[in-house]
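Single-structure report; data block below.
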Amino acid sequence: MNQRRKSKTPLFFCIIIACLVTMIGLFLPLPYYIEMPGSAEDVQQFVTIDGQKNENTGAYLLTTVGIRQASPVTLLAAKFNEFQEIETKEELFGDNNSDEYDVIGQLQMTSSENMAKKVALDLAKEPYEFVYEGVFVHSVVEGSDFEGKLQVGDVVYQVDDQAFESSEQFMDYVKNKKLGETVTLKIKRDDQEKNVSGKLIKLEETNKVGIGITLSDKTSLKSERNIDFEIDGIGGPSAGLMFTLEIYEGLIDKSLRNGHVIAGTGEIRSNGDVGMIGGIDKKIVAADKAGAEFFFAPSEDYSDEVLKENPELKNNYQVAKETAEKIKTKMKIIPVKNVEDALAFLKTLE
């Protein structure tokens, strides 16, 4: 009897150790993050126009990139999956912490919603009031004279008493000033207004003079049409094109997708141009798993200057096409430079 009990003891401890090793492998958080294919969400669940959702058959799908903190097991698995990318905390969040990263995503989403409303209302030839209120501060780059003076979420609405109608005008004004010149920013923070001054620096990425911040537009829009969004847990600017198509259908009360399931991505700009985004290979995988028939991919061209320095650089459409071939999807990749390209394709659907 005693002999049997002793023989079971080592086995019991082996089981405990094996369980602990498994738990550590699955759940021990590592200082790395994994970007992977996320989800493909039907946009009509997020948008209402005059209190009504679009009930047309088919769907416009926004696509996402999933992010999770790595464990030993998931980190190892990611090394053997070409559609999963391992990032350090610094690479993913930059100079921001995770809370600031989430705030930035929501700021970008708010800007994307307003731009989508504007472009859709333009297409539908409906009146509205669109107000440019300044730029949201996303981050302050290391070495900027505004480090410690600006915070994530600050709104810069004037530079040296100059107001602007777009972030492009804002940046053009700054880059035409002299290196080391002092500028004064008028900002809003927590409903309080204040002035912040600092010297201009040379930006590493462009070699041009700048403040040293990343930013997005802060805008507001008023319309007789009540266009509302209810979105939780999704951030960033990349759903702009798909939002625009969904809103436009609702405004004209006509189905353009004709029962088809169409995924896509791309930042929508105020003039209807579609800007490139990150992680499109992962979004192709997500759209394919969701059963999309077509995918709108931004086909914005890089400048000759950029291509001269990076001759192997590919735009979103080129990467999307390569990814579609790798996964052998039946989904067709449609290049779009602007919303008109997307509408022209929709007219070909039966």
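Quick one: grab the alpha carbon gyration tensor of region 194-350, order the square roots of its eigenvalues as a ≥ b ≥ c, and give me rounded if a/c is under 1.5, else prolate or oblate depending on whether a/b is larger than b/c.
It is oblate, given that a/c is not under 1.5 and a/b is not larger than b/c.
What accessible surface, in Å², does a 1.4 Å probe find on Lys89, ignoring ligands, DNA and RNA and rounding to the nearest 10?
100
What FRET efficiency would be calculated for the residue pair Cys19, Gln106, taking the C-beta separation as r and a Förster radius of 30 Å, to the nearest 0.05?
Efficiency computed from Cβ-Cβ geometry: 0.15.
Tell me the angle of helix 2-27 to the major Cα principal axis of the chain, expressed in degrees between 0 and 90 and rounded to the nearest ten.
10
Helix 98-123 versus the longest principal axis of the chain: what angle, 0 to 90°, nearest 10, using Cα atoms?
50
Which value in nm describes the separation of the simple spin-label points at Lys194 and Ser220, placed 7 Å from the Cα toward the beta carbon?
A separation of 2.2 nm, rounded to one decimal place.
What nm distance separates the two modelled labels at Glu322 and Gln162, each placed 7 Å from Cα along Cα→Cβ?
Simple spin-label model gives 4.0 nm for this pair.
Based on the alpha carbon coordinates of region 15-137, what radius of gyration and maximum Cα-Cα distance (Dmax) apply, in Å?
Considering region 15-137 through its Cα atoms, Rg and Dmax are 20.7, 70 Å.
Go from 0 up to the bin containing the longest alpha carbon distance in the chain, width 20 Å each, and give me the % of pairs per bin.
25, 52, 18, 5, 1
How high is the FRET efficiency between Val73 and Asp232 when r is their beta carbon distance and R₀ equals 35 Å, given to the nearest 0.05?
The computed FRET efficiency comes out at 0.75.
So which GluC sites (Glu not before Pro) in region 77-135 end up in coil per DSSP with only 16 or fewer other C-beta atoms within 10 Å?
In loop regions of region 77-135 (DSSP not H, G, I, E or B), the sparsely surrounded GluC sites (Glu not before Pro) are Glu82.
I'd like the orientation of helix 240-252 relative to the chain: the angle between its Cα long axis and the longest Cα principal axis, in ° from 0 to 90, rounded to 10.
60
Can you work out the PRE-style zone for Glu204? Point 7 Å along Cα to Cβ, and I want the residues of region 94-125 with backbone N under 15 Å.
94-96
Label-point separation (nm) for Lys254 and Glu91, each offset 7 Å from Cα along Cα-to-Cβ?
Taking the simple label geometry, Lys254 and Glu91 are separated by 4.8 nm.
With every protein chain in place, what's the accessible area of Arg257 (1.4 Å probe, Å², nearest 10)?
Rounded to the nearest 10, that gives 0 Å².
The values are calculated or read from the model by the stated rules, or taken from the named source; none is laboratory data. All values reported here derive from a predicted model rather than from experimental measurement. Please note: Cβ atoms are built from the backbone with ideal geometry, for glycine as well, and neighbour counts cover all protein chains shown. Surface accessibility is based on the protein's heavy atoms, side chains included, excluding ligands, DNA and RNA. Shrake-Rupley method; radii C 1.70, N 1.55, O 1.52, S 1.80 Å.
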